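The values are calculated or read from the model by the stated rules, or taken from the named source; none is laboratory data. Note that the coordinates shown come from a computational prediction; the quantities given were computed from them, not determined experimentally. Glycine gets a Cβ as well: all are built from the backbone with ideal geometry, and neighbour counts include every protein chain shown. These accessible areas exclude ligands, DNA and RNA; they are computed on the full protein's heavy atoms, side chains included. Shrake-Rupley method; radii C 1.70, N 1.55, O 1.52, S 1.80 Å.
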Amino acid sequence: MAAGLPVIATNVGGLSTLIEHGISGLLTPKEDINELANAIELIMKQPEFRIKLSHGAQLSVQKFNLPTIRMTYHTLYHQLVNKSAPG
């Protein structure tokens, strides 16, 4: 995704939190080889859609970079400390 390539994956585990179907990639049902083949064929035959997925994938993965993750944890810790402080 970070390399700007279209992503096709099976919808297992936490992949749906990383890949938004039709926006940052394509998710197919687990163990459905026909849907997987259809997804591959779709991005091969529709270059505009492939480019859209590629851009969406790159944008999506940016939220997982180290500075963003660090700031998210920093904010979370401050919220927890303020919430548990005697008031």
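Observations on the model:
- Folded to 0 to 90 degrees: helix 47-61 orientation relative to the chain principal axis, Cα: 20 degrees
- Residues of the stretch 9-87: accessible area per residue with a 1.4 Å probe, Å²: 76 Å²
- At most 12 other Cβ within 10 Å, DSSP loop - GluC sites (Glu not before Pro), the stretch 1-86: E31
- In degrees, nearest ten, helix 66-84 long axis to first principal axis of the chain (Cα): 40 degrees
- 0 to 90° range, to nearest 10: angle between helix 33-45 axis and the chain longest Cα axis: 80 degrees
- Computed in the context of the full set of protein chains, the accessible area of the stretch 29-87 at 1.4 Å probe radius has 62% of its extent on carbon or sulfur.
- Given their separation in residues at 0.36 nm each and the Cα-Cα distance between them, N38 and N82 gain 10.8 nm when the chain is fully extended.
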